[in-house]
Amino acid sequence: MSRPPAVVLALPLSDADRLKPFVEACLLEGVALIAVWGEGCGAVEDLIDEIVVGDGSDDNRFITTSAHEGEALDDVIEFARNWVADEGRQGAEVIKL
């Protein structure tokens, strides 16, 4: 399954064990942005950053992340769409894990 270039990860996570495989799939599928939305999103954003960086030996592993606690979901979706539109790409998807 191919993902759009922007993903809004809606919290809470129902299964934290799914986060790492999700991030790895996003890396493989060329996702440019993971915007995390909901309570505690800053901590989840940090976890995603750690997964992306890994041991730091692969400079090709990169995804921009952002945290959006207290914001309306529609605003975060619009932010994500605009982020990738600035790169000439289209599409954003809301994901729940």
message: Order Trp83, Trp37 by their accessible area, 1.4 angstrom probe, all chains in place, largest first.
response: Trp83, Trp37
message: Let me check against my output: what whole-number percent is the relative contact order of the chain, with C-alpha pairs under 8 Å and at least 6 apart?
response: 44 percent
message: If you count only protein heavy atoms with a 1.4 Å probe, what accessible area per residue comes out for the chain, rounded to a whole Å²?
response: 57 Å²
- request: Determine the share of the chain's accessible area contributed by carbon and sulfur atoms, expressed in whole percent, with a 1.4 angstrom probe.
  value: 49 percent
message: If I stretch the segment between Glu87 and Ser66 completely, what's the gain in nm (0.36 nm per residue apart, minus their alpha carbon distance), one decimal?
response: 5.9 nm
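The values are calculated or read from the model by the stated rules, or taken from the named source; none is laboratory data. Remember, predicted model here, so these are calculated numbers, not experimental data. Protein only, heavy atoms only, side chains kept; ligands, DNA and RNA dropped before computing areas. Shrake-Rupley method; radii C 1.70, N 1.55, O 1.52, S 1.80 Å.
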